[in-house]
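The values are calculated or read from the model by the stated rules, or taken from the named source; none is laboratory data. Since we're looking at a predicted model, the values are computed, not measured. Because the Cβ atoms are built from the backbone with ideal geometry, glycine has one as well, and the counts that use them run over all protein chains shown. Heads up: the accessible areas ignore ligands, DNA and RNA and are worked out on the full protein's heavy atoms, side chains in. Shrake-Rupley method; radii C 1.70, N 1.55, O 1.52, S 1.80 Å.
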Amino acid sequence: MSIIAGIYSLKARVRIPDEYVALIRANLSRDPGRAVSEFGDERTHIFRAELDAFKGAGVYTDDRGGATVVAGEPLNGDHDVYDRDRDRDRDVQHIHRDLAEGKTTTLARCRGTFCAVSAQNGVLSLVADKLGVRQLFYWIGPEFVVFSTALRIIEELPFIPRRMNHRGALEHAALGYPLADRTPYRDVFAMRGGEILQFRGGRTFRCRYWKWDDVAPSETPEADLLVALYRTFRSAVKIRLDGDRSAIGYLSGGLDSRCVVAAICELGAKTHTFNFARPDTQDLILGRHFAAKVKALHTELPKQSGDHIPDYSAKIADGWKVSRFRDQHPAERENVVWSGEGGSVALGHVHLGRRIVELMRAGRTDEAIDTFCATEGIHLSPKLFRSGLFGHPLELVKKGIREEIEEFRSPDPARNFYLFLMLNDQRRKLHGHFENLDRHGVEFQLPFFDAEFFRSVLEIPVDLCLGHRLYVNWLNLFAPAVTEVPWQAYPGHVPCPIPVADGLAYQWDAGYRNGEQRAIYGRLKTEARELLRASDFPSEILSRANLRIAYFIHRTGLRDYSYLIDTARVFHRIRRKCV
């Protein structure tokens with residue numbers, strides 16, 4: 001586990017105040033027992049809290065006082081994935097030297113999920129992985145730059161002025177994440193996939209060392225594409241497993257975590273698996289059956305009704321502590337957890353339906369965006385906001401989506417929509433996990449976000465991937481156990497060919513979803529009531545009167561205004577952080 005934060009002076013003659021340094025150090029970790037290391041030169045202070053989840057120090061320092069620090073694993077693709085002598089620190093050293101020489105050779109070969117901070121000869125470099133999954137935020141002021149792998153650290157620094165970025169806040173409320181490099185705050189930004197940001201000589205330089213729309217579709221037969229995809233996925237798992245004989249991972253009743261666990265088992269490692277689904281659901285029971293099939297050491301800790309997206313990182317950390325298998329079958333790396341995050345969109349092409357593909361290819365981007373918003377239930381009511389503040393707020397969000405799509409130049413316009421999803425929705429999904437690393441102490445292995453695997457997916461024509469079509473065919477390349485146990489399939493996608501036992505709740509079934517919504521109902525009532533009574537209600541942005549009306553209608557059950565209440569909660573939280 002690595003948490004990195006620090007500060008850089010934009011002007012050689014401007015000294016960084018001691019109190020700024022002390023504040024960053026104090027806010028790095030909320031665990032008082034966590035050791036903090038410091039690196040840098042006369043213009044830069046870099047702090048890091050490390051749990052040693054990954055092998056190697058993840059730091060390189062040169063004889064001139066320069067330093068490069070990484071969070072995560074770069075996984076230089078030059079290393080043979082069958083060679084146990086892979087070395088994270090060697091990767092960091094190569095990145096350090098390339099940045100000093102203005103090269104991107106090593107970064108272009110890296111396939112891992114990581115970010116890097118480098119201070120050399122008065123120059124600060126910030127680096128994101130090719131997909132931008134490992135988050136890195138920065139604030140640029142008149143004299144200093146502050147950077148951090150957790151937005152919460154920047155939120156707690158009193159010398160940083162935090163003013164609301166209305167577009168970022170609206171996007172966060174509507175989509176669950178801001179688009180592009182935006183955050184909810186002005187002058188605070190998020191690094192984007194394949195990006196390098198450098199500060200030198202009082203100037204800021206930004207470049208992309210990697211562009212995904214440069215990957216052209218292949219004309220190779222589908223059968224050969226599937227074999228190449230399987231081999232790349234297996235290598236993505238193997239290079240991350242790095243010779244370990246045991247592992248810890250999530251295992252739901254779906255396909256993504258199943259493929260990860262299957263690949264680990266095929267490589268000969270004993271796997272501890274955890275499932276947190278509700279009782280009597282397909283998600284729980286099918287996960288249990290597959291765990292038995294591959295002889296995984298399986299633990300079930302069902303979540304509470306209505307707890308739609310709990311803190312899974314904290315749950316698995318707590319689950320490992322109480323696992324009945326822990327003492328008899330210890331894991332080699334207790335702080336590393338394998339996750340299937342990203343698989344449903346990367347390979348299954350969830351959220352990219354046939355209608356959106358057709359509209360994109362017809363040049364009707366705005367209609368494709370409208371279809372996406374309608375299908376995904378994306379709402380923003382102008383009545384919630386002060387009159388004239390945004391016009392129609394949802395149109396502002398759609399503008400942001402269109403701007404992201406138009407950045408890409410893939411030969412197939414439908415692929416541009418897919419890249420919008422991967423480089424926005426998917427890369428932001430793990431924000432909460434990385435924000436709370438200091439509390440749960442869990443690092444993820446994410447083979448579906450492996451850069452080489454993702455490149456292999458991009459080489460496959462979109463039409464073959466839609467609705468999990470290619471995904472289901474791909475399963476036949478795994479060990480037979482993968483296709484011998486039924487799985488929970490997405491509605492409207494290729495169904496599971498094996499019958500699922502009757503009586504198991506299906507998470508997209510209307511009855512099940514209504515039951516979960518009723519469980520959420522009480523929580524929303526309480527939160528809306530407290531928000532309306534709050535002395536710091538953001539009256540300059542939201543209409544308290546209209547929110548009160550929505551609350552009463554929602555309470556009666558005449559109409560579901562949960563999305564509106566959630567929007568108000570998002571703005572309230574952001575406004576409280578603004579100074």
**Prompt:** Expressed in nm to one decimal, what extension gain is obtained for the pair SER218 and ARG200 from 0.36 nm per residue of sequence separation less their Cα-Cα distance?
**Reply:** 2.4 nm
**Prompt:** Among 70-77, 419-426, 341-348, how do they line up from the highest to the lowest mean number of other beta-carbon atoms within 10 Å?
**Reply:** 70-77, 341-348, 419-426
**Prompt:** Using modelled backbone amide H atoms (1.01 Å from N, in-plane), which distant-in-sequence or interchain residues come within less than 5 Å of ASP311's amide H?
**Reply:** none
**Item:** Computed FRET value (nearest 0.05) for ILE549 with ASP370, which takes r as the C-beta separation and R₀ as 30 Å
**Value:** 0.65
**Complete:** Restricting to Cα pairs under 8 Å and 6 or more apart, the percent relative contact order of segment 323-414 works out to 26
**Item:** Inter-label distance, nm, simple model (7 Å from Cα along the C-beta direction), ARG354/ARG439
**Value:** 4.4
**Item:** Most positive-pole-ward Cα, ALA190, LEU352, ILE95, against dipole of the chain from beta carbon charges
**Value:** ALA190
**Point-charge dipole on Cβ atoms (K/R +1, D/E -1) for segment 358-431, about Cα centre, debye to 20** = 260
**Complete:** For segment 105-152, shape from the Cα gyration tensor axes a ≥ b ≥ c, cut at a/c of 1.5 then a/b versus b/c, turns out oblate
**Complete:** In the chain, taking the dipole from +1 charges on Lys and Arg beta carbons and -1 charges on Asp and Glu beta carbons about the Cα centre, the listed residue (THR567, CYS110, HIS440) farthest towards the positive end is THR567
**Request:** Mind checking the per residue accessible area of segment 1-156 for me, 1.4 Å probe, whole number of Å²?
**Result:** 37
**Request:** Calculate, for LYS11 and ARG152, the FRET efficiency according to 1/(1 + (r/R0)^6) with r their C-beta to C-beta distance and R0 22 Å; round to the nearest 0.05.
**Result:** 0.20
**Prompt:** For VAL337, which sequence-distant residues (separation of 5 or more, or a different chain) have an amide H within less than 5 Å of its own amide H, given hydrogens modelled in the peptide plane?
**Reply:** GLU443, PHE444, GLN445
**Fill in**
Debye calc, one equal point scatterer per Cα of segment 275-369, no solvent, log10 I(q)/I(0) at q = 0.19 1/Å comes to -1.03
**Request:** Give me the Kirkwood hydrodynamic radius of segment 244-326, using the inverse of the mean 1/r over all pairs of distinct Cα atoms, in Å to one decimal.
**Result:** 12.8
**Item:** Extension reserve of the ALA57-ARG361 stretch, reckoned as 0.36 nm per residue once the Cα distance is removed
**Value:** 104.7 nm
**Asked** Rg to Rh for the chain: what is it, with Cα atoms only and Rh by Kirkwood?
**Response** 0.95
**Complete:** If amide H atoms are modeled at 1.01 Å from N in the peptide plane, then the residues at a separation of 5 or more from SER218, or on another chain, having amide H under 5 Å from its own are ILE460
**Fill in**
At 10 °C and 1.306 mPa s, the Stokes-Einstein diffusion coefficient in µm²/s for segment 58-215, with hydrodynamic radius from the Kirkwood sum on alpha carbon pairs, is 96
**Item:** segment 158-284, accessible surface, carbon-and-sulfur percent (1.4 angstrom probe)
**Value:** 47
**Prompt:** How large is the Kirkwood hydrodynamic radius of segment 520-579, in angstrom, based on all distinct alpha carbon pairs?
**Reply:** 11.6
**Asked** HN-Hα J couplings of segment 194-205 from phi, Karplus 6.51/-1.76/1.60, θ = phi - 60°, integer Hz, Gly and Pro as x?
**Response** x, 10, 10, 10, 10, 10, 7, x, x, 10, 10, 10
**Request:** Given the peptides 266-277, 291-302, 112-123, 461-472, arrange them by the average over their residues of other C-beta atoms within 10 Å, most packed first.
**Result:** 112-123, 266-277, 461-472, 291-302
**Alpha-carbon Rg with Dmax, taken over segment 181-312, Å** = 20.7, 62
**Message:** Per 0.36 nm of contour for each residue apart, how much would the distance between ARG30 and ASP89 grow if the chain were fully extended, relative to their Cα-Cα spacing?
**Reply:** 18.6 nm
**Request:** About the Cα centre of the chain, how large is the charge dipole given +1 on each Lys and Arg Cβ and -1 on each Asp and Glu Cβ? Please answer in debye to the nearest 20.
**Result:** 1660
**Item:** Integer Hz, Karplus 6.51/-1.76/1.60 couplings in order for segment 465-481, x for Gly and Pro
**Value:** 8, 4, x, 6, 4, 5, 4, 5, 5, 4, 4, 5, 8, 7, 4, x, 4
**Prompt:** Mean separation of Cα pairs under 8 Å and 6+ residues apart, divided by the residue count of the chain: what relative contact order is that in percent?
**Reply:** 16
**Fill in**
To the nearest Å², the heavy-atom accessible area per residue of segment 363-469 with 1.4 Å probe amounts to 36
**Asked** Taking the Cβ-Cβ separation of ASP560 and ILE309 as r and a Förster radius of 22 Å, what is the calculated FRET efficiency to the nearest 0.05?
**Response** 0.75
**Message:** Students often check this: by mean Cβ neighbours within 10 Å, which of 553-562, 142-151 ranks highest, and how do the rest follow?
**Reply:** 142-151, 553-562
**Request:** Averaging over all projection directions, find the projected area of the Cα convex hull of segment 169-252 and quote it in nm² with one decimal place.
**Result:** 10.9
**Request:** Would you mind telling me the share, in percent, of accessible area of segment 405-475 contributed by carbon and sulfur at probe 1.4 angstrom?
**Result:** 43
**Message:** What distance in nm separates the two pseudo spin-label positions at LYS399 and SER37, each 7 Å out from Cα along the beta-carbon direction?
**Reply:** 4.6
**Request:** Evaluate the distance, in nm, between pseudo-label points positioned 7 Å from the Cα of LEU532 and of VAL579 along their respective Cα→Cβ axes.
**Result:** 3.3
